[in-house]
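One structure is given here, and the rest of the page talks about it.
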Amino acid sequence: MKRIFAAGLAAAALCTSAASFAQDAPIIIKFSHVVSPDTPKGKGADRFKQLAEQYTDGKVKVEVYPNSQLYKDKEELEALQLGAVQMLAPSLAKFGPLGVREFEVFDLPYIFQNKEDLRKITDGEVGQGLLDKLQPKGITGLAYWDNGFKIMSANSPLQTPDDFLGLKMRIQSSKVLESQMKALDAVPQVMAFSEVYQALQTGVVDGTENPPSNMFTQKMHEVQKHATLSDHGYLGYAVIVNKKFWDELPADVRANLEKAMAEATAYANDIAQQENDDSLAAMRASGKTTFHELSDAERQEWIAALEPVHKEMASRIGQSTIDAVNSALGR
């Protein structure tokens, strides 16, 4: 089955390549992602489309495919590498299974205390160094896009680490997130993002973690009775492009696309916090989910319970990467 999927991707890639560079035809960029157009990532993709087409005077046409219309989580990176799509914005956890495990440093619980910490990494040498590690995989990293800090949700209260005992918690594919849930004595369940709502609705899983904007736009609050504003982990994305496609673009086109990406990145990151704040307010107003804010003492209890994950994952992520992040944060 995997061979058939790969063959289909390869055929799609050939057609796309031929269409993209046909004489007098616009260059087509298929931008695929797995979330709603109403999320920060969805709005960032749409803003990039607008600016890219504007700045290239129509030489480029960007086709945005949200909500896993083309590919699910596990399929999209292979599709990009084969050229069936040109651009993605996968969550940073997706690069671990691809073999670039250093990106999993972003998944470590409580490694970032706030957005200021995060910016020191994504806008600095550490962040660029991580993007450079994608080049041997046939991928060029263009930018980091925010979503936000994650909250935990379930159909039972999650006030202390003990409350997770035995719960089946959905995660995206990440050994760090597996370790995180196991540290809480929960049962991690890897599942495609597009399948989470139904899994929560039917009880296949008991809970999950998400920034508020993802939880709200996917209507997960309708099937989750409780949520805790834990801010325990960060969910962000890397906007990436097929390296061969990018390198073969005319220099002027690539320069204008870089300009469009820089402006779309500033826009997406500026709206991310507001989108999450608005989503949280809307979910509170719905009355379908009860939200719990951690006290300082409860937060310290969560931090203590999750601290062993850093040590356990050091050999996987690389202690040097963790040290570089801590050094950049002045620790």
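Rule-based calculations on the coordinates, nothing more; no lab input. What you see is a predicted model, and the numbers here were worked out from it, not measured in a lab. All Cβ positions, glycine included, derive from the backbone under ideal geometry; neighbour counts span all protein chains shown.
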Residue farthest toward the positive end of the dipole of the range 261-308, with Cβ of Lys/Arg at +1 and Asp/Glu at -1: which of HIS292, ALA272, ALA304? HIS292
Sites ILE303 and VAL253, calculated FRET efficiency, Cβ-Cβ separation with R0 51 Å, nearest 0.05: 0.60
With 26 Å as the cut-off, how large is the P(r) tail for the range 210-331, expressed as percent of Cα-Cα pairs? 49 percent
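Taking Cα pairs under 8 Å and at least six residues apart, what relative contact order does the range 180-331 come out at, in percent? Provide the component values of the computation, followed by the final result.
On the way: 76 pairs, mean separation 55.0, N = 152.
Reported as a whole number, the value is 36 percent.
At a threshold of 8 angstrom on Cα-Cα distance, excluding pairs fewer than six apart, so keeping six or more, what relative contact order does the chain reach in percent? Don't jump to the answer; show the numbers that get you there.
Details: 595 pairs, mean separation 81.4, N = 331.
This gives 25 percent for the chain.
Going through the range 206-294, which GluC sites (Glu not before Pro) have at most 14 other Cβ atoms within 10 Å and a DSSP loop state? Mind showing how you got there, number by number?
Details: sites: GLU209, GLU222, GLU248, GLU258, GLU263, GLU275, GLU293; in loops: GLU248.
Passing sites in the range 206-294 are GLU248.
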Distance check, please: which entries in LYS115/LYS311; LYS59/LYS219; LYS168/LYS243; LYS182/LYS259 exceed 32 angstrom between their Cα atoms? LYS59/LYS219; LYS168/LYS243; LYS182/LYS259
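Using per-residue counts of other Cβ atoms within 10 Å, averaged over each peptide, order 195-205, 71-81 from highest down. Please list the in-between numbers first.
Numbers: 195-205: 16.1, 71-81: 19.1.
Order by mean packing, descending: 71-81, 195-205.
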Place a label point 7 angstrom from the Cα of ASP296 along the Cα-to-Cβ direction, then list the residues of the range 91-130 whose backbone nitrogen is under 17 Å away. none
By what distance, in whole Å, do the Cα atoms of the range 50-119 stretch along each of the three principal axes, largest value first? 43, 29, 21
Extending each Cα 7 Å along its Cβ direction at SER315 and LYS182, get the distance between those two points in nm, one decimal. 1.2 nm
Solvent-free Debye scattering, log10 I(q)/I(0), computed from the Cα coordinates of the chain at q = 0.10 Å⁻¹: -0.58
Charge dipole of the chain built from unit charges on the beta carbon (Lys, Arg +1; Asp, Glu -1), centred at mean Cα; most positive-end Cα among LEU92, GLN198, PHE216 is GLN198
Taking Cα pairs under 8 Å and at least six residues apart, what relative contact order does the range 19-152 come out at, in percent? 22 percent
Can you give me the long-range amide H partners of VAL60? Hydrogens built in the peptide plane at 1.01 Å from N, cutoff under 5 Å, separation of 5 or more residues or another chain. ILE27
The Cα radius of gyration of the range 272-331, divided by 2.2 N^0.38 Å with N its residue count, comes to 1.64
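Tally Lys/Arg at +1 and Asp/Glu at -1 over every other residue whose Cβ is under 14 Å from the Cβ of ASP206; what's the total? Before the final figure, lay out the partial values.
On the way: positive: LYS168, ARG170, LYS225; negative: ASP163, ASP185, GLU209.
Taking every other residue near ASP206 into account, the sum is 0.
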Between ALA192 and GLU116, the two model label points (7 Å from Cα along the beta-carbon direction) sit apart by a distance in nm of 4.2 nm
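Using the structure shown, select from LYS133/LYS175; LYS72/LYS150; LYS43/LYS175 the pairs with a Cα to Cα distance greater than 27 angstrom.
Details: LYS133/LYS175 19 Å; LYS72/LYS150 21 Å; LYS43/LYS175 29 Å.
From the list (LYS133/LYS175; LYS72/LYS150; LYS43/LYS175), the Cα-Cα distance tops 27 Å for LYS43/LYS175.
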Efficiency by 1/(1 + (r/R0)^6): what FRET value for ASP162 and ALA281, r their Cβ-Cβ distance, R0 = 45 Å, to the nearest 0.05? 0.95
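I need the peptides 231-241, 119-129 ranked by packing, meaning the mean over residues of other C-beta atoms within 10 angstrom, with the highest value on top. Intermediate results must be reported in sequence, preceding the final value.
Details: 231-241: 23.5, 119-129: 16.2.
Order by mean packing, descending: 231-241, 119-129.
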So who's got an amide H within less than 5 Å of the one on TRP145, skipping anything under 5 residues away but keeping other chains? H placed 1.01 Å off N, in plane. TYR237, ALA238, VAL239
Report the FRET efficiency, 1/(1 + (r/R0)^6), for GLN54 and SER327, where r is their Cβ-Cβ distance and R0 is 41 Å, rounded to 0.05. 0.55
